[in-house]
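Have a look at the structure below, then the notes.
The values are calculated or read from the model by the stated rules, or taken from the named source; none is laboratory data. Keep in mind that this is a model prediction, so the values were computed, not measured. Don't worry about glycine lacking a Cβ; one is built from the backbone with ideal geometry, like all the others, and counts go over all protein chains shown.
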């Protein structure tokens, strides 16, 4: 996989509050995602005191806790981080699909960005690649996506132009 959401764009995280909900299952991989997200937070001016990391047992439990935080009114975005590896069992299909649906529903119901930072890979090696700080850490990308969505959904600041949808010809 060569694509990446990561950019050199800077966001203003200084006055924001973000919750990272992270699965304990596949902890070695997920811990690297949390680290990447936290580094992106600080790199964008975020105060380490304003990012909370809350752990849940696994990816299946992420949506409920993400929705709880999103609905609380205490945060600007929630980032769900986890890792589901297919290997040889059908368990992957149930967990990954329901996790994705639940996280999407949490964002739609609350109106708060809920970012899907759950790795869904075929192999352990693919998961390690996507959590690698030197390459494409998806935790970092998830934080950048959260900050972009916060900015996009914020009311227009005084003097900032409001984007309008252009008409197609």
Is it true that some residue in the stretch 100-108 is outside any helix (DSSP H, G or I), more than 21 Å from residue 31 (Cβ to Cβ), at pLDDT 95 or above and in contact with a helix residue (DSSP H, G or I) (Cβ under 8 Å, 6 or more places away or on another chain)?
no
Just to check your reading of the model, which residue among 27, 37 is at pLDDT 95 or above, within 19 Å of residue 133 (Cα to Cα) and either surrounded by fewer than 18 Cβ atoms within 10 Å (Cβ to Cβ) or out of contact with any strand residue (DSSP E or B) (no Cβ under 9 Å at 6 or more places or on another chain) (or both)?
27
Residues of the stretch 98-109 satisfying the condition of being farther than 16 Å from residue 69 by Cβ and touching a strand residue (DSSP E or B) at 6+ places or on another chain (Cβ under 9 Å)
100
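Every residue in the stretch 152-169 that is within 19 Å of residue 46 (Cβ to Cβ) and either exposed (fewer than 10 other Cβ atoms within 10 Å of the Cβ) or at pLDDT 95 or above (or both), please.
152, 157
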Scan of the stretch 11-44 for residues that are in contact (Cβ under 8 Å) with a residue 40 or more places away in the chain, within 23 Å of residue 94 (Cβ to Cβ) and either out of contact with any helix residue (DSSP H, G or I) (no Cβ under 7 Å at 6 or more places or on another chain) or not in a helix (DSSP H, G or I) (or both), ordered by number
21, 22, 23, 25, 26, 30
Can you name the number of the only condition in (1) part of a helix (DSSP H, G or I); (2) touching a helix residue (DSSP H, G or I) at 6+ places or on another chain (Cβ under 6 Å) that residue 80 fails?
(1)
Among the numbered criteria (1) modelled with pLDDT of 95 or more; (2) farther than 23 Å from residue 17 by Cβ; (3) outside any helix (DSSP H, G or I), which one does residue 117 miss?
(2)
Just checking, which of 144, 61, 54, 148 is within 16 Å of the chain's Cα centre (by Cα), closer than 19 Å to residue 34 by Cα and in a strand (DSSP E or B)?
54
Filter the stretch 65-77 for residues that are part of a helix (DSSP H, G or I) and within 15 Å of the chain's Cα centre (by Cα) and give the result.
65, 66, 67, 69, 70
Can you run down the residue pairs with Cβ atoms below 8 Å, 6 or more apart or on separate chains, where the first is in the stretch 45-73 and surrounded by fewer than 19 Cβ atoms within 10 Å (Cβ to Cβ) and the partner is at pLDDT below 95 and not in a loop (DSSP other than H, G, I, E, B)?
58/95
Those residues of the stretch 78-97 which are at pLDDT 95 or above and either within 22 Å of residue 17 (Cβ to Cβ) or surrounded by fewer than 18 Cβ atoms within 10 Å (Cβ to Cβ) (or both), in sequence order:
78, 79, 80, 81, 82
